[in-house]
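The values are calculated or read from the model by the stated rules, or taken from the named source; none is laboratory data. Not measured: the values here are computed from a predicted model. Please note: Cβ atoms are built from the backbone with ideal geometry, for glycine as well, and neighbour counts cover all protein chains shown. To get the accessible areas, we keep the full protein, side chains included, count just its heavy atoms, and leave off ligands, DNA and RNA. Shrake-Rupley method; radii C 1.70, N 1.55, O 1.52, S 1.80 Å.
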Amino acid sequence: ALSLPNEIASIVGAVIVTDVGDIHVELLPDIAPMAVATFTRLSEEGFYDGIRFHRVVPDFVVQAGCPRGDGWGDPGFSVPDEVSDVHYVTGSMGVANAGPDTGGSQWFITLSDQPHLDGRYTLFGEVSLNNTVLRRVELGTEIETIRIERLELSTE
């Protein structure tokens, strides 16, 4: 098993606070540690505050994380792909990219099973509650903030 630094291993989830409600996500640092670390860092720096969902495709995905709002923006760096054998099902959260190893701040959540994405995009989270809020997200829905949830790890 991969041994993760405590600051990454302790990350368990996120609450994406939007103007249509909260989306609760379980993050998967054991599957995609770089993606989880990047999403966490950007969230805690306030990068996503005020960013809007710029892509909504019914029965496919909702996508956010573009600082430009047009799908072409990035945080000024990119992260290597971390593809796994985890399947894209309804509520899977993945890193959007423009080709191999070009992921950055943009991410998407699937609205239905998407097996054609398996092994092609980094999957780093899944909606943890049967979240009806996801179905209310539309083009321009605003992310007010993203709160990261951590386990308290004992220091003993």
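With 0.36 nm allotted per residue and the present C-alpha distance subtracted, the LEU151-SER112 stretch has 11.1 nm of extension available. When MET93, MET34 are compared by accessible area of protein heavy atoms, the largest-first order is MET34, MET93, using a 1.4 Å probe. Here, P(r) means the percent of Cα pairs in each 10 Å bin from 0 to the largest distance; for the chain it is 11, 45, 37, 7, 1.
Ignoring everything except DSSP H segments at least 4 long, calculate the 222 nm mean residue ellipticity for the chain; use -39,500 (n - 2.57) per segment, divide by total residues, nearest 500. Don't skip to the answer; put the middle values down first.
Values: 2 runs with 16 residues, N = 156.
Computed mean residue ellipticity for the chain: -2500 deg cm²/dmol.
To the nearest 10, the accessible area of VAL86 is 40 Å² with a 1.4 Å probe.
Each label was represented as a point 7 Å from its Cα along the Cα-to-Cβ direction; for HIS24 and ALA98 these points are 3.6 nm apart.
Between VAL17 and PHE77, what FRET efficiency follows from the Cβ-Cβ distance if R0 is 25 Å, with the result rounded to 0.05?
So the FRET efficiency works out to roughly 0.50.
Comparing ASP70, ASP81, ASP49 in a Gaussian network model of the chain (Cα springs below 10 Å), the most mobile by mean-square fluctuation is ASP70. Share of carbon and sulfur in the accessible area of the chain stands at 50%, probe radius 1.4 Å.
What does the charge dipole of the chain about its Cα centre add up to, to the nearest 20 debye, if the Cβ of each Lys and Arg holds +1 and the Cβ of each Asp and Glu holds -1? List each step's numbers first, then the result.
Numbers: 9 positive and 24 negative charges, 77 e Å.
That gives the chain a dipole magnitude of about 380 debye.
What the phi angles of region 67-74 give under the Karplus curve with 6.51, -1.76 and 1.60, with θ = phi - 60°, is a coupling list of x, 7, x, 10, x, 10, x, 8 Hz, glycine and proline written as x. In the context of the full set of protein chains, residues of the chain present 51 Å² of accessible surface per residue (probe radius 1.4 Å, heavy atoms only). Using a simple spin-label model with pseudo-atoms 7 Å out from Cα toward Cβ, ARG135 and ARG68 lie 3.4 nm apart. With each label modelled as a point 7 angstrom along the Cα→C-beta vector, the ARG41-GLU144 pair spans 2.8 nm.
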